[in-house]
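**Student:** Before we start, here is the structure in question, set down as structure tokens.
The values are calculated or read from the model by the stated rules, or taken from the named source; none is laboratory data. Every value quoted in this text rests on a predicted model; they were computed, and no experiment measured them. All Cβ positions, glycine included, derive from the backbone under ideal geometry; neighbour counts span all protein chains shown. Remember, those area values only see protein heavy atoms, side chains included, never the ligands or the DNA or RNA. Shrake-Rupley method; radii C 1.70, N 1.55, O 1.52, S 1.80 Å.
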Amino acid sequence: QVQLVQSGGGSVQAGGSLRLSCAASGSIFSINTMGWYRQAPGKQRELVATITRGARTNYADSVKGRFTISRDNAKKTVSLQMNSLKPEDTALYYCNLDQLGRGYWGQGTQVTVSS
């Protein structure tokens, strides 16, 4: 069993910054990908960024150059530094861990960016 506990997020004005963190516990295997997804009201959940255990990253085009994903394998954590936030970044953000073909999700954290 895998548990993901998220922290961070909140409300900020456009141009501001926020940081999300996620701590994993349970049966974590050595090969996995961690990442962040988001879901805005009335829209489907979409990928924000992922990072492999070897630190290979992948970003959605909409956040490239503004968001940075990082992980600490020893602490089993993944973080998302979000800079230059825009109102369209407003969404519920979810931490994800994918291993052995199975995905696990955090509880979700609201990020609200006002103009």
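**Student:** Is it fair to say residue 38 is under 22 Å from residue 112 (Cα atoms) and either exposed (fewer than 15 other Cβ atoms within 10 Å of the Cβ) or touching a helix residue (DSSP H, G or I) at 6+ places or on another chain (Cβ under 9 Å) (or both)?
**Tutor:** Yes; evaluated as a whole, the condition is true for this residue.
**Student:** What are the residues in segment 7-35 that are on the phi > 0 side of the Ramachandran plot and open to solvent by 40 Å² or more (accessible area, probe 1.4 Å), if any?
**Tutor:** Hits for segment 7-35 are 8, 15, 26.
**Student:** Considering only segment 1-51, state which residues are outside any strand (DSSP E or B) and farther than 12 Å from residue 92 by Cα.
**Tutor:** Selection gives 1, 14, 15, 16, 17, 27, 28, 29, 30, 31, 32.
**Student:** Of everything in segment 66-115 that's part of a loop (DSSP other than H, G, I, E, B) and without any contact (Cβ under 8 Å) to a residue 12 or more places away in the chain, which residue is most open to solvent (accessible area, probe 1.4 Å)?
**Tutor:** 74
**Student:** Please enumerate the residues belonging to segment 41-56 that are surrounded by 14 or more Cβ atoms within 10 Å (Cβ to Cβ) and under 23 Å from residue 9 (Cα atoms).
**Tutor:** 45, 47, 48, 49, 50, 51, 52
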